[in-house]
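Below is one structure, written out as structure tokens; the observations come after it.
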Amino acid sequence: MANFAASATQFAGQTLIRTASAIAINQATSYISRAFDTRNFEGPRLGSFHLQTSRDGAPMARIYGRVRLAGQVIWASHVRESSTETPVGGKGGGPTQTNYSYSISFATGLCEGEIAGVDRIWANGAPLETRGMDMRIYRGTEDQRPDPIIAATEGQAAPAFRGTAYIVFEDFPLAAYGNRLPQLNFEVVRSGRRRGRLENLIQSVNLLPGSGEFAYATDIIEEGVRPGQTRPLNMNNLSGKADIELALDQLQAQLPNCKNVSIISTWFANSTDIGACEIRPGVERRERNIRNATWQVGRETRNSAYVVSEDDERRPNFGGTPSDQSLIQAIKSIKARGMSVTLYPFIMVDAPDFPWRGRMTGEAADVGAFFGAAEVSDYSFGTGQNHYRAADHGFRNYILSHANLARRAGGVDRFIIGSEMTGLTTIRDAQNWFPAVTELARLAGDVRTLLGTETGLSYAADWSEYFGYHPQDGSGDVFFHLDELWSHPAIDAVGIDAYFPLSDWREGEHLDGQEYDSIYDLNYLIRNIEGGEGYDWYYASDAD
């Protein structure tokens, strides 16, 4: 039995050797066969291409506002064929296959110019992703030059299509549309250039949302959703640009005389009681898989920051505080476009019912602790960490952190040291002084130290706050409580967040209706700017 077993083992070994040899011979034969097989297989090629172009005398659209239209092809190049050769049948030499792809350059006339721009594009009814696409928009001015690809193709005969808004696609890929030109639709915006139009009168805007951990980043920030899958946090569009860059493009196109952007930057208060309140930068979630950025505000990191509250479905009730780096990018991008920047620190109260920050109030004895002990010397200039009192979450730290960030960004044109703190500024002590106003005045001087004389400073008073404090105690007293702040040498302007009601119009018989025919009467509205309600008196009750 032992000999038989040994023989069997030897026989099996010989069989394995012979089998391995046969496999090796077959592989070698196959390899040699492929090496000398020079056949080339060709993929399908385009036999003809039909392009629907505009016809002579076709009407041109004239649009107003925001319109979706198809336009007409007004110029096209020949179809460009590209080929790629790839091996088939594995590694090494052997047969190859040539595949063909096609693209075309063309121009589509949109409408009579001058337009503000093109926002969205659809191809065969589906949104067209323009990221990486070579595309140029001509707004239809009377001095526009011929497009480079048209000029290169047509030479001196290249038309400029002056007075016509059109869009040029260079090497538009056709494969996704069955090697045909898709039906294209464009969302075109035409705001008009006449003097007196609202679009031409606006000189400054507020940039929102004011919250969102990377909402202001000019780099595209990605978050890992699951293994192998990411999503962009700040590119909710098909242009391939960060949301803020696309928004600024649209701003400059549609509001051509806008010269200033106020950037809102949100921190969070956890109470309206200043004796218990902290003001901190917040994050949406403690754990996030952010691939190419780090959230940090001052010395606060994701591990130490305040986490905003959630709704019943475990979704954050607010976007987080914009990271320092994203805010710096936004400031630099706006300045690079030739506009000035106002940095506007903003408080959201993350407490039940999300009250307005103007409701934050308390006792005079708590004002000092609410503002905190942060000093100018606690803040370092540079690109590294900001050093400040990590345990101090007072109002001074909130404002001085923003001022130091503005300094790191190369400076801003205007800076707001607080806004609409109506309940805070009207806190009185026993001597009828307003300690929060005194603190704001001191804070203005410290911000001036950080930012220098080049930056304009103000406090944005609520429209119900700026003209004085009228205590509802039957005394009839009026205190011009903000005068100490307005007269401080560091303050450059009296600032008002103004929401004045311009009418007291109502249904049925009423006094205003006896003098004016309509609520839309311009003279009526002008009169009410200083006409009473919201200006220097209020109704005593809802019944009144």
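The values are calculated or read from the model by the stated rules, or taken from the named source; none is laboratory data. Note that the structure is a prediction, hence the values are computed from the model and not measured. Reconstructed Cβ throughout: ideal geometry from the backbone, glycine too, with neighbour counts over all protein chains shown. We work out accessible area using only protein heavy atoms, side chains counted, and drop any ligands, DNA or RNA first. Shrake-Rupley method; radii C 1.70, N 1.55, O 1.52, S 1.80 Å.
Things to note:
- Boolean, residue 85 is outside any loop (DSSP other than H, G, I, E, B) and modelled with pLDDT under 85: yes
- Subset of segment 447-494 (residues that are among the β-branched types (Val, Ile, Thr) and assigned to a loop (DSSP other than H, G, I, E, B)): 453, 455, 478, 491, 494
- Any chance residue 220 is farther than 30 Å from residue 65 by Cβ and more than 13 Å from the chain's Cα centre (by Cα): no
- On the stretch given as segment 506-520, residues that are open to solvent by less than 50 Å² (accessible area, probe 1.4 Å) and in a loop (DSSP other than H, G, I, E, B) total 3.
- Whichever residue in segment 422-446 is part of a loop (DSSP other than H, G, I, E, B) and out of contact with any Asp or Glu (no Cβ under 8 Å at 6 or more places or on another chain) and, among such residues, is farthest from residue 493 (Cα to Cα): 430
- All strands (runs of 3 or more DSSP E) inside segment 168-268 with 2 or more residues being touching a Phe, Trp or Tyr at 6+ places or on another chain (Cβ under 7 Å), surrounded by 16 or more Cβ atoms within 10 Å (Cβ to Cβ) and touching a residue at least 12 places away in the same chain (Cβ under 8 Å): 184-190
Every residue, every condition in (1) assigned to a strand (DSSP E or B); (2) loosely packed, with under 15 Cβ neighbours inside 10 Å, yes or no:
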position: 321; (1), (2): no, no
position: 333; (1), (2): no, no
position: 341; (1), (2): yes, no
position: 344; (1), (2): yes, no
position: 353; (1), (2): no, yes
position: 365; (1), (2): no, yes
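- Restricting segment 57-79 to residues that are small (Gly, Ala, Ser) and not in a loop (DSSP other than H, G, I, E, B), the residue that is surrounded by the most Cβ atoms within 10 Å (Cβ to Cβ) is 76.
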